[in-house]
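Remarks on the structure that follows.
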Amino acid sequence: MARGTSAQAYNSILPSLGDKQKEVLRVIRNHKRGISLFELPDQLGWPINAISGRVTELSQKGLIKADGTKVNPHTGRKATIWRIV
């Protein structure tokens, strides 16, 4: 998790997040090796279209970052792995 000034920035932005953003962030934070967008619906029980926008928003706020890829076993395509900054 974030340290020093990064932790302060992280903690200061949490109150401004919506409930769904916080839930997506919680799941990503709990996956130390990162998690891809195709895995999040199983973790949250939400459709992917309710999640993808939250991932974009969290990335734009600087709370998560793209960190590599993995292959989606259902499509064979590469998917971005998301991690906490």
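The values are calculated or read from the model by the stated rules, or taken from the named source; none is laboratory data. Treat the numbers as computed from the prediction; the structure is a model and nothing was measured. When we count neighbours, we look across all protein chains shown, and the Cβ atoms used for this are built from the backbone with ideal geometry, even at glycine.
Data overview
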item	result
Restricting region 1-18 to residues that are among the aliphatic types (A, V, I, L, M) and part of a loop (DSSP other than H, G, I, E, B), the residue that is modelled with the highest pLDDT	17
Residue count for region 54-85, restricted to those that are touching a strand residue (DSSP E or B) at 6+ places or on another chain (Cβ under 9 Å) and among the hydroxyl-bearing types (Ser, Thr, Tyr)	3
Matching residues, region 31-41, being outside any loop (DSSP other than H, G, I, E, B) and either modelled with pLDDT under 95 or crowded, with 18+ Cβ neighbours inside 10 Å (or both)	35, 36, 40
Residue in region 68-78 that is part of a loop (DSSP other than H, G, I, E, B), surrounded by 17 or more Cβ atoms within 10 Å (Cβ to Cβ) and in contact with a Phe, Trp or Tyr (Cβ under 7 Å, 6 or more places away or on another chain) present	no
